[in-house]
């Protein structure tokens, strides 16, 4: 959507500032008005009223936002801050003002169809043991991070689903990046191309259910695809939703006791963007022997892990500090395990967690271990 | 100057970016934006003092800013200069074991103080203004903000035991008992004149509040909420007067225009009681009698609904009516309320057609403040429409003229009423002389007085 089309949304903000204190992780670090929602929306207003112009310096500020949506959670007037931010980034990207790293990521996505820039031949290596079909009623949309960086999560997911009696299919090399990074970063055309391709492939697979382990892919498929391309002929599920259903149907058997105190990190895209808070907790509470303890900021009030995969490259100090703050919250609970439901969060949190001797991993790995289908696969 | 400022607060805490200046050109109200020259975000009181020394050296205007959630335009520069964003001053100290008082730096927000004290079984008297989840204590005191709980505790000044203030030359002064460096901020009325009061509501024209000491109280066990409908403004005012006379309510508000549908009638009164369970019961019975005598009709559930969502409900209502808004407000004896309210209604009736055309809306209410009543008149418009925006600024001034000439005393100065305060000869002259003594070069929020 263009910024002009969001004029009413921009003017909806009455600048009460409830989005400021202990809400925005970027504002907590940088302090200025322009770093959090009230300033972002006022900046958009300045652009609409031609009091401000787009510039590289403005772009550097606007690309700081993690789109964690905590501001929207606290906004009494439900101002669509993320929508406004995306519209501004779209303008900035079109004007060639986006930070260089974002352009680089676009080039990677354009050529390799993933934001990591890894060769496509690497994409399906994780699945070599499985001989998965390309067509089926349940399709596993693996996501770039699980395909390339966390293959154990992908393998654990397939083993869980097989054990539960689900013949899962996948798109193999024809699964492209879901497009989330592109529409967040303002590259709307590229995002659309990726979405069109994936949608066509999913339709060809005959899938009635599409399941993913990635909170970003989930938000993208569940909310952005229909917004941009109309109603989908299939249901989109996050793995936590499907697992909860399978547990309720008695199709998941936890054979092993897991004697651990763990904490759970709500990914912004699964939580605030999609409202899935209970599902992962119910699953964890079903695992015999497991004790779940909550960090002070949980559920709707979850603290972002540092979000954007490129943050650490564009704003290295912030990129380093934000995951540290979150891991410290877990460390203060005295736990050794931090479970989440998003490979991007795993990737961000693992770096500082290592120093604090905390293991960070995706929920399917724990489920697989409890089911006895995949050993202790986070090691 | 900028390199000196950067040397004090760090280069990452000074900005002259156009978009940053734009973001600091507004508060929550609809006062026309005015850009500062630069913005600094100090993280300590010492840095605030050092910034003031630089401003003093270059004779640069200084505009202190808390959360910027005010409507009066206090943090909106009238002259270009240095905006000092004080939200980085956020330490809270509870020094004595029982937590009889709490010290908070200027940038601490109200809800945080409440939360910290709650863990010790204590609370503060006033719960902060409408924007308590974002408003800072320093900013609220600087504009004399009206808070939740004024019916019981009165204005903000009643809760302050002492202040620490940075003056125009960069020196720091503590008022009340803490003027003695070996003492703490535990008593306001000592060492002669009440210098604490000088800075309350001064809009940053006399000094910058850097720390405040507030009274605390045991947490209340019980709360109760009531709502009544009245067929005349006189009856409603009588009911509010009754609550004030017997010191019954913790908070009390009146709705005159619009009256919420659930309440109906000519005016509505909502109030909240706090205390022990037996106190709340007793006060409740007393209040019911007062309402009956004033011919009030009880409206079940509305009081609870209003007060449980007290902060959110107001923001939502303002957002829906505006979202652009300005407010004129001030104090008057309770029983004089109906007369001035009728004049305000008459003001709007005369402008009904024009206001309708511009989609300008308005509201009129009242807040009980122990011995007086505060009359807030809010004016709303959609700021997208430039003409409407211009017009509400005009209405704002016309209404201020009507109300203040009609005997209402403004609780804000600056954009809305400094020109009216000027008419009150000796008072204004005294204010100016104090200003001249404390800020001889008029660098502190110039134009506000």
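Rule-based calculations on the coordinates, nothing more; no lab input. Note that the structure is predicted; figures quoted are calculated from it, not measured. Because the Cβ atoms are built from the backbone with ideal geometry, glycine has one as well, and the counts that use them run over all protein chains shown.
Could you work out how far apart the two model spin labels at residue B:219 and residue A:57 are, taking each label as a point 7 Å from the Cα in the direction of the beta carbon, and quote it in nm?
So the label points at residue B:219 and residue A:57 sit 4.8 nm apart.
Per residue of A:48-61, how many C-beta atoms from partner chains lie within 10 Å of its own C-beta, taken as a mean?
Neighbouring Cβ atoms belonging to other protein chains average 3 per residue here.
Relative contact order of chain A, please, whole-number percent, based on alpha carbon pairs below 8 angstrom and at least 6 residues apart.
For chain A, the relative contact order is 15 percent.
In whole Å, what three semi-axes, largest first, describe the equivalent ellipsoid of segment A:3-98 built from its Cα gyration tensor (square root of 5 times each eigenvalue)?
20, 15, 11
If you take the Cα atoms of segment A:107-153, find Rg, then find the Kirkwood Rh from the mean of 1/r over all pairs, what is Rg/Rh? Show your work: numbers first, answer last.
Details: Rg = 11.4 Å, Rh = 11.6 Å.
Reported Rg/Rh (Cα atoms, Kirkwood Rh): 0.99.
Give me the distance in nm between label points sitting 7 Å out from Cα along the Cα-to-Cβ direction at residue B:371 and residue B:179, one decimal.
Rounded to a tenth, the inter-label distance reads 2.3 nm.
Compare A:238, A:223, A:273 in a GNM of chain A, Cα atoms joined below 10 Å, and give the one with the largest fluctuation.
Most flexible of the set in this elastic network: A:223.
In nm, give the distance between the simple-model label positions of residue A:189 and residue A:257, each being 7 Å from the Cα along the Cα-to-Cβ direction.
So the label points at residue A:189 and residue A:257 sit 6.1 nm apart.
Counting other beta carbons within 10 Å of each residue's own, what order do B:401, B:369 fall into, fewest first?
Lowest to highest Cβ neighbour count: B:401, B:369.
Where the centre of each part is set by its Cα atoms, how far does segment A:295-373 sit from segment B:309-388, in angstrom?
Here the two parts' Cα centres lie 48 Å apart.
Using every Cα-Cα pair within segment B:92-218, state what percent have a distance larger than 22 Å.
Everything past 22 Å amounts to 28 percent.
Against the globular-protein guess of 2.2 N^0.38 Å, express the Cα radius of gyration of segment B:2-87 as a ratio, rounded to two decimals.
Working it through for segment B:2-87, the quotient is 1.01.
Measuring from centroid to centroid over Cα atoms, what is the spacing of segment B:166-239 and segment A:54-128 in Å?
One Cα centre to the other: 47 Å.
Average partner chain C-beta neighbours within 10 Å, per residue of A:16-26?
Across A:16-26, the average partner-chain Cβ count within 10 Å equals 6.
Which log10 I(q)/I(0) values does chain A give at q = 0.09, 0.14 Å⁻¹ under the Debye formula, counting every alpha carbon as one identical point scatterer?
Debye intensities relative to I(0), on a log10 scale: -0.50, -1.23.
Expressed as cubic angstrom per residue, what is the convex hull volume of the alpha carbon set of segment A:256-371?
90 Å³
Just the ratio, please: alpha-carbon radius of gyration of chain B over 2.2 N^0.38 Å, N its number of residues.
0.98
Quick check: Cα centre of segment A:183-236 to Cα centre of segment B:59-131, how many Å?
First find each Cα centre; the distance between them is then 46 Å.
When only C-alpha pairs under 8 Å and at least 6 residues apart count, what is the relative contact order of segment B:252-313, in percent?
28 percent
Compute a Gaussian network model of chain B, connecting alpha carbons closer than 10 Å, and tell me which residue from B:309, B:365, B:176 fluctuates the most.
B:309
Hey, for a label at residue B:305 modelled as a point 7 Å past Cα toward Cβ, could you say which residues of segment B:347-373 have their backbone N under 20 Å away?
B:364-366
For chain A, find the longest principal axis of its Cα atoms and tell me its angle to the long axis of helix A:151-163, 0 to 90°, nearest 10.
Helix A:151-163 sits roughly 50 degrees off the main axis of chain A.
When averaged across all projection directions, what area in nm² does the alpha-carbon convex hull of segment B:222-410 cover?
Over every viewing direction, the Cα hull of segment B:222-410 projects on average to 10.1 nm².
Which residue fluctuates the most in chain A, going by a Gaussian network model with Cα springs under 10 Å, if the choices are A:249, A:324, A:119?
Per the Cα network of chain A with a 10 Å cutoff, A:249 tops the list.
May I ask you to order A:40-50, A:227-237 by the average number of other C-beta atoms within 10 Å around their residues, highest value first?
Answer by packing, highest mean first, reads A:40-50, A:227-237.
Compute and list, largest first, the equivalent-ellipsoid semi-axes of the protein assembly as shown from the alpha carbon gyration tensor, each √(5λ) rounded to a whole angstrom.
So the equivalent ellipsoid measures 52, 30, 27 Å along its semi-axes.
Based on alpha-carbon atoms only, what is the radius of gyration of segment A:101-245 relative to the globular estimate 2.2 N^0.38 Å?
In units of the globular-protein estimate, segment A:101-245 measures up at 0.98.
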